[in-house]
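Here's the structure we're looking at; comments come further down.
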Ligand code: GLU
């Protein structure tokens, strides 16, 4: 059977780093094996699910280029199907109606805690125990699964190896709530079956749910999919990844100026490896990806490494593409790239120095926004040298080499050292103490702009 994987997010927030990594692994596994990748939205938590989150998750996946072949399917549109399957389970004796009230459940919980036991449902509405007990008329029942009480349940996890749980640890879980909405464990099994999922790849926070799901598969007499539980992602301090460790939303990385291929490359290395390879294309990743090399221990999120990778991708990206991205970033800051040198040439000059699009936009701003303010006291000899330079710049051929010659000659004839002239020149022309090579900056600014800015500062003295 051909491989079918899925990503099944709950739409209760944006697509975060952990979710994106799970989606990436599921996607890559399907692509590696020429299979299908299915997107399913698990929106049964009515209080926390929002349409906004659905859109944010789809947007994040699209930005990362994780294309899906089927879906998105929405669980809340499949309620009739869950009801039908729950009905089959009741008919075959694997599930039953439970009429226990919230108050009764709470009382039971208290008693168990008082006895030092783990709170769990006691199976009091199992048909064999509730014989002759009339169901209360005014209370709509939930449907519970009849979990085997003896023996154990296990599977061979494709990441973690063999895992087993004693059945005595599992109580009779609710499959369908009184309002007809399935619980997570039931919805997942029905959907994984209906969608013919062959490989369930998900976060290892679900390891405890898998035995319950296996029981339901077995009760339905269906073949189990393979399970692969990928370890979680921790911050550098060993704590579960959270906002404290930097951005956790995938789209925040776009807004902060990361390239999607850099983030994909980084996520691929979070808990998976291919020898010592650090930088590789998505195509290589797909051709290499396997579950055997997914690490068993938690991965550590390292923002510096991500920034380093992004820098490598920026350097390798075509200037025209970066110009579009930087142009958008400038525009969102209210800066137009139309009244200045061609953005592509500015990018070519700056890109070695930046590790994000946002940083590139910061640097590029000096070519497109000039306030005319520069707080600098010019010594008499420096001011004089700048005037001489200005006169020279009015006539030199406008290229980097000639501009450089002019700056050096004037520096020398005025008895100055290069920084004594270059530093004020930078400040007057760009408002910044640091820029790329000053001759390159002048060349790009253009003769007219350079002369106008210098005149602004020197001729008002
Ligand atoms: N909706 C679940 C989650 O977001 C999916 C778990 C699964 O893949 O089975 O954690």
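Residue 147 falls short on exactly one of the conditions (1) part of a helix (DSSP H, G or I); (2) more than 28 Å from the chain's Cα centre (by Cα); (3) surrounded by 15 or more Cβ atoms within 10 Å (Cβ to Cβ); (4) more than 16 Å from the ligand (Cβ to nearest atom), and that condition is (1). A single entry from 316, 358, 348 fulfils the requirement of being surrounded by fewer than 19 Cβ atoms within 10 Å (Cβ to Cβ) and within 30 Å of residue 34 (Cβ to Cβ): 316.
Among the residues in region 371-378, are any within 30 Å of residue 254 (Cα to Cα) and within 46 Å of the chain's Cα centre (by Cα)?
So in region 371-378, the residues within 30 Å of residue 254 (Cα to Cα) come out as 371.
Subset that is within 46 Å of the chain's Cα centre (by Cα): 371.
Within region 371-378 (the criterion being within 30 Å of residue 254 (Cα to Cα) and within 46 Å of the chain's Cα centre (by Cα)), the answer is yes, since at least one residue qualifies.
Against the definition (in contact with a helix residue (DSSP H, G or I) (Cβ under 9 Å, 6 or more places away or on another chain), within 15 Å of the ligand (Cβ to nearest atom) and either outside any loop (DSSP other than H, G, I, E, B) or more than 20 Å from residue 64 (Cα to Cα) (or both)), how does residue 254 come out, yes or no? No.
Note on region 303-359: residues that are in contact (Cβ under 8 Å) with a residue 12 or more places away in the chain and within 26 Å of the chain's Cα centre (by Cα) total 32.
Checked against (1) within 30 Å of residue 19 (Cα to Cα); (2) without any contact (Cβ under 8 Å) to a residue 24 or more places away in the chain; (3) surrounded by 13 or more Cβ atoms within 10 Å (Cβ to Cβ), residue 109 passes all but a single condition, namely (1). Quick one: residue 194 ticks every box in (1) surrounded by fewer than 16 Cβ atoms within 10 Å (Cβ to Cβ); (2) more than 20 Å from residue 5 (Cα to Cα) bar one, so which box is it? Checking residue 194 against (1) surrounded by fewer than 16 Cβ atoms within 10 Å (Cβ to Cβ); (2) more than 20 Å from residue 5 (Cα to Cα), the one that fails is (2). Which residues, counting only those in region 150-171, are loosely packed, with under 12 Cβ neighbours inside 10 Å and not in a strand (DSSP E or B)? Within region 150-171, 150, 151 qualify.
Residues that are within 12 Å of the ligand (Cβ to nearest atom), touching a residue at least 60 places away in the same chain (Cβ under 8 Å) and in a strand (DSSP E or B) do occur in region 192-200.
Return yes or no: is residue 434 outside any helix (DSSP H, G or I) and surrounded by fewer than 20 Cβ atoms within 10 Å (Cβ to Cβ)? Judged against the criteria, residue 434 is a match.
The one condition from (1) surrounded by 14 or more Cβ atoms within 10 Å (Cβ to Cβ); (2) in contact (Cβ under 8 Å) with a residue 12 or more places away in the chain that residue 287 does not meet is (1). Within the set 299, 236, 268, 262, the sole residue that is in contact with a strand residue (DSSP E or B) (Cβ under 8 Å, 6 or more places away or on another chain) and surrounded by 18 or more Cβ atoms within 10 Å (Cβ to Cβ) turns out to be 299.
Across region 224-245, the number of residues qualifying as touching a residue at least 12 places away in the same chain (Cβ under 8 Å), assigned to a strand (DSSP E or B) and more than 15 Å from residue 162 (Cα to Cα) comes to 2.
So if I check each of 38, 57, 17, which one is under 23 Å from residue 212 (Cα atoms), in contact (Cβ under 8 Å) with a residue 24 or more places away in the chain and in contact with a strand residue (DSSP E or B) (Cβ under 9 Å, 6 or more places away or on another chain)?
On the way: 57 fails: under 23 Å from residue 212 (Cα atoms); 17 fails: under 23 Å from residue 212 (Cα atoms).
The conditions single out 38.
The condition of being surrounded by fewer than 23 Cβ atoms within 10 Å (Cβ to Cβ), farther than 17 Å from residue 233 by Cβ and in contact with a strand residue (DSSP E or B) (Cβ under 9 Å, 6 or more places away or on another chain) does not hold for residue 46. I need the full set of residues from region 13-38 which are farther than 20 Å from residue 242 by Cα and under 16 Å from the mean Cα position of the chain (by Cα), in order please. The answer is 25, 26, 27, 28. When region 210-223 is filtered for residues that are crowded, with 21+ Cβ neighbours inside 10 Å and either part of a loop (DSSP other than H, G, I, E, B) or within 10 Å of the ligand (Cβ to nearest atom) (or both), the ones remaining, listed by number, are 210, 213. Which one is surrounded by the most Cβ atoms within 10 Å (Cβ to Cβ) among residues in region 173-187 that are assigned to a loop (DSSP other than H, G, I, E, B) and in contact (Cβ under 8 Å) with a residue 60 or more places away in the chain? Once the filter is applied, the top-ranked residue is 183. Considering 335, 407, the condition of being surrounded by 15 or more Cβ atoms within 10 Å (Cβ to Cβ), part of a loop (DSSP other than H, G, I, E, B) and out of contact with any strand residue (DSSP E or B) (no Cβ under 9 Å at 6 or more places or on another chain) is satisfied by 335 alone.
Listed here are the residues, each with its yes/no results for (1) away from the ligand (no atom under 13 Å from the Cβ); (2) at pLDDT 95 or above.
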residue	(1), (2)
173	yes, yes
178	yes, yes
185	no, yes
203	no, yes
208	no, yes
225	no, yes
231	yes, no
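The values are calculated or read from the model by the stated rules, or taken from the named source; none is laboratory data. What you are looking at is a predicted structure, and each value in this text was computed from that prediction instead of being measured. Cβ atoms come from the backbone with ideal geometry, glycine included; neighbour counts cover every protein chain shown.
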